[in-house]
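The values are calculated or read from the model by the stated rules, or taken from the named source; none is laboratory data. Every value quoted in this text rests on a predicted model; they were computed, and no experiment measured them. With ideal geometry, Cβ positions are generated from the backbone for all residues, glycine too; neighbour counts draw on all protein chains shown.
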Amino acid sequence: MKNNTEFCEICREPVMDEYFMRLAMKEAESAFAEGEVPVGAVLVIKDRVIASAHNVKEALNDPTAHAELTVIREGAINIGNWRLNDATLYVTKEPCVMCAGAMVNARLGRLVYGCRDERYGAIASRHQLAHDPGLNHQIKVVSGVLENECADIIKRFFVKLRRNTEE
């Protein structure tokens, strides 16, 4: 893949955003296959993946085992620094309050997410933690990257879950 200086002629976003979001989608597909809510995340510094993860709440019986938190933890360990100022987090769904708070605390440089979460989203939909002037850090945000694909896998998961519950 080319470096981050090339931009899409249609949306004007870096071409690399779509590439890394597709990697996050692969993580979401793994979560789907494991019966987890299909959210995937990839943490990138200088066009290099430093961590990737998907939801594992059910497998670990851990309410904090969201893809975003797992990838932030692993990424900080991998680079030996909890400050992620130079990192971009790609996640398939708009982060919740818990995950958005962790991103602010980690000093995340940039967040790219796929679809909105009207019910629990803490970046733009319900709350705006990434840009809260009362917090010590604001995050650059790009939304809507592969939005339809990211929303579709979540819709398919819940349709399947409802179907299995009815049987």
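Quick look at the numbers
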item	result
Every residue from region 28-42 that is assigned to a helix (DSSP H, G or I), under 15 Å from Ala65 (Cβ atoms) and touching a residue at least 60 places away in the same chain (Cβ under 8 Å)	Ala28
Matching residues, region 128-167, being among the aliphatic types (A, V, I, L, M), in a helix (DSSP H, G or I) and modelled with pLDDT under 95	Leu129, Ala130, Val159, Leu161
Region 128-163, residues that are among the aromatic types (Phe, Trp, Tyr) and exposed (fewer than 15 other Cβ atoms within 10 Å of the Cβ)	Phe158
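Quick grid of which residues meet (1) in contact (Cβ under 8 Å) with a residue 40 or more places away in the chain; (2) of a type in the set (D, E, K, R); (3) at negative phi:
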residue	(1), (2), (3)
Asp17	yes, yes, yes
Lys26	no, yes, yes
Ser52	no, no, yes
Ile77	no, no, yes
Glu94	yes, yes, yes
Arg110	no, yes, yes
